[in-house]
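Below: the structure, in structure tokens.
What follows is calculated from the coordinates using simple rules that are stated; it is not laboratory data. Here the structure is a predicted model, which means the values were calculated and not measured. Counting neighbours? That spans all protein chains shown, and the Cβs are built from the backbone with ideal geometry, glycine included.
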Amino acid sequence: MEPWRTAIVESGDGQIRIRGYDVTSLMTGRTFTDTIYLLHRGRLPTARERSLLDAILTGVADHGPGAPSCAAARLAVSGNRQSVSSAMAAGILAVGDEHGGAGSGCMEMIAGGLERVTRQSMSIPDCARQVVAEIRATGRRVPGLGHRVHRRDPRTPVLFELARRNGLAGNGIAFMEALEAVVRDTIKPLPINIDGALAAVLHDMGFAPVFGRLLFIIGRAAGLSAEIVEELERERPMRIRIPVAYDGEPPRSLGQD
């Protein structure tokens, strides 16, 4: 049987190497964020790259127990207090296009838009107008814009400013800002949310689109773990009751059919 192949980790008796680096040297000389970067990119990040990835991970860590991922985790552990792993899984499974997972789609949109800019020799604002028109024609929402809580997502300007200060801002950020301006002028003001912000930054850092969703999950796992512990320590089992309003058939008997 052919062996599985991997270029990520080599392990044997008394030895673990991640992308060629001894894990003990990483444990004592580098950070967890460095290791995330190393795992996905095959090299260690610069200090500037680390600070930006750190900021993203902190920005997505938690948004309160009402966020779908956190609510799902707390609901799961409320009914099954013996399995924190199932609660973590429930929270992660709640991440999708509508909650925390739009980063990947955003990165694909950014990459496609910028490829069009190059191929058709057009400006980023002109391309943004085309992209918005095309998305609206399909009846879909423009990804990466709008937030159910924030009129202006406070995390976005922090990430963009940090990227600019560290010399890592590029056309990904420029494209998302152009997209935001087009939507504001043609539809209504919708802020760049954390999905759009991390998508722009990660594109400019050279990550593949799938990493947009994966990084949100990595960061949100920290918040989910805290939500689960709080549920276990402060609340009673089965304490979460979701209001339900029945609007189906009135009482009836078999003889009525």
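Observations on the model:
- Of the DSSP H helices in the chain, those whose Cα atoms cover at least 30 Å axially and whose Kyte score averages 0.5 or more: 210-234
- Calculated FRET efficiency, GLN130 to GLU233, Cβ-Cβ distance, R0 = 41 Å: about 0.20 to the nearest 0.05.
- A simple packing score, the average count of other Cβ atoms within 10 Å per residue, orders the peptides 176-185, 2-11, 142-151 as 176-185, 142-151, 2-11, with the highest score first.
- With both labels modelled 7 Å from their Cα along Cα-to-Cβ, the SER123 to ALA208 distance reads 3.6 nm.
- Stretched out straight at 0.36 nm per residue, the stretch from SER253 to ALA226 would grow longer than its current Cα-Cα span by 4.8 nm.
- With contacts taken as Cα pairs under 8 Å and at least 6 residues apart, the chain reaches a relative contact order of 25 percent.
- Debye intensity ratio I(q)/I(0), log10, segment 82-180, q values 0.14, 0.16 Å⁻¹ (C-alpha model): -0.66, -0.81
- Cα gyration tensor category, rounded, prolate or oblate, for the chain with a/c compared to 1.5: oblate
- Using R0 = 25 Å, the C-beta based FRET efficiency linking ASP97 and ARG41 works out to 0.50.
- FRET efficiency for the pair THR6 and ALA111, taken as 1/(1 + (r/R0)^6) with r the Cβ-Cβ distance and R0 = 22 Å, rounds to 0.25.
- Along the axis of the charge dipole computed for the chain (Cβ charges of +1 for Lys and Arg, -1 for Asp and Glu, origin at the Cα centre), the listed residues HIS203, PRO154, THR28 are led at the positive end by PRO154.
- Basic side chains Lys and Arg get +1 at the Cβ, acidic Asp and Glu get -1 at the Cβ, and with that the dipole of the chain about its Cα centre reaches some 400 debye.
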